[in-house]
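What follows is calculated from the coordinates using simple rules that are stated; it is not laboratory data. Computed from a prediction, not measured in an experiment: that's the story for all the values here. Cβ placement follows ideal geometry from the backbone for every residue including glycine, while neighbour counts extend to all protein chains displayed.
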Amino acid sequence: DAGVIQSPRHEVTEMGQEVTLRCKPISGHDYLFWYRQTMMRGLELLIYFNNNVPIDDSGMPEDRFSAKMPNASFSTLKIQPSEPRDSAVYFCASSLFSGGGTDTQYFGPGTRLTVL
Amino acid sequence: DAKTTQPPSMDCAEGRAANLPCNHSTISGNEYVYWYRQIHSQGPQYIIHGLKNNETNEMASLIITEDRKSSTLILPHATLRDTAVYYCIVRVGNSGNTPLVFGKGTRLSVIA
């Protein structure tokens, strides 16, 4: 398997523009997570899905952020409008529920977003 | 908030064992201890996990104290490629896949 795939790997945009980050989880995985990493706040959860349904979006900063998972093989994280403070590395991760706390999350390479 | 405490940084000579400590004094009976690492500019990578018994895999060993209030990740023969930030995470493991709550981790530098 190719692992979790994220695109683009790097994105530079100007304040006010719409940004869409994409994620393809590992085939067969039923959980998908979006995390964000900054120097100030470290790695933090934004939202996660189970079987394409959002379970917890309490980490989404504000209404400018939205995430969708239209099918089991694709998810998007959209920021509209983007602001300089959104600059961060965004990671997508997926896992397969196996019970008993033995699940492993597999992370993608991340998308480095810079908002000017 | 992270439920673990780790030293911010450690050094280790190449070829020697790296012992990374983690305190989790408030761990509950149904919480597992997980270790992930993040090599520079990459996504976090799973290393190992355990509940109460010591565990070993091809990457590392995990030693959990009998009272489960602390643990140690052991990289038996550290190489330069093991230079990374290591995260110790506790999480409930019997009710579906819960998100990972990352603390600041330990930055391990392996020195030639």
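Miscellaneous remarks
- Positive-pole candidate from B:Ala112, B:Pro8, B:Leu80, dipole of chain B, charges at beta carbon: B:Pro8
- A cysteine counts as unpartnered when no other cysteine's C-beta lies under 4.7 Å of its own; in the protein assembly as shown this applies to B:Cys12.
- Taking label points 7 Å from Cα along the Cα-to-Cβ direction, A:Leu116 and A:Ala2 give a separation of 3.0 nm.
- Total charge dipole magnitude, chain A, about the Cα centre, Cβ charges on Lys, Arg, Asp, Glu only, Debye to nearest 20: 240 debye
- Placing dummy labels 7 Å off each Cα toward the beta-carbon, the span from B:Asn57 to A:Ala72 is 2.3 nm.
- Annotation: lysines with alpha-carbon distance below 22 angstrom to B:Lys69 (same-chain offsets under eight excluded): B:Lys3, B:Lys52, B:Lys104.
- Distribution of pairwise C-alpha distances over the stretch B:1-67, 10 Å bins, in %: 16, 50, 30, 3
- For A:Ser87, residues with placed amide H under 5 Å, excluding near neighbours: A:Val115
- In this label model, B:Leu80 and A:Arg22 are separated by 3.7 nm, measuring between points 7 Å along each Cα→Cβ vector.
- Here the ratio of the Cα radius of gyration of chain B to 2.2 N^0.38 Å is 1.01.
- In the stretch A:1-84, the ratio of gyration radius to Kirkwood radius, Rg to Rh, stands at 0.96 when only Cα atoms are counted.
- Spread of Cα-to-Cα distances over 5 Å intervals beginning at zero, given as percent, for the stretch B:31-91: 4, 18, 30, 24, 14, 7, 2, 0
- Dipole moment magnitude, nearest 20 debye, the stretch B:1-60 about Cα centre, only Lys, Arg, Asp, Glu C-beta charged: 80 debye
- Once the Cβ-Cβ distance of B:Lys69 and A:Glu83 is raised to the sixth power relative to R0 = 45 Å, the FRET efficiency obtained is 0.60.
- Rounded FRET efficiency, nearest 0.05, which uses the C-beta distance separating B:Ala17 from A:Glu62 and R0 of 45 Å: 0.45
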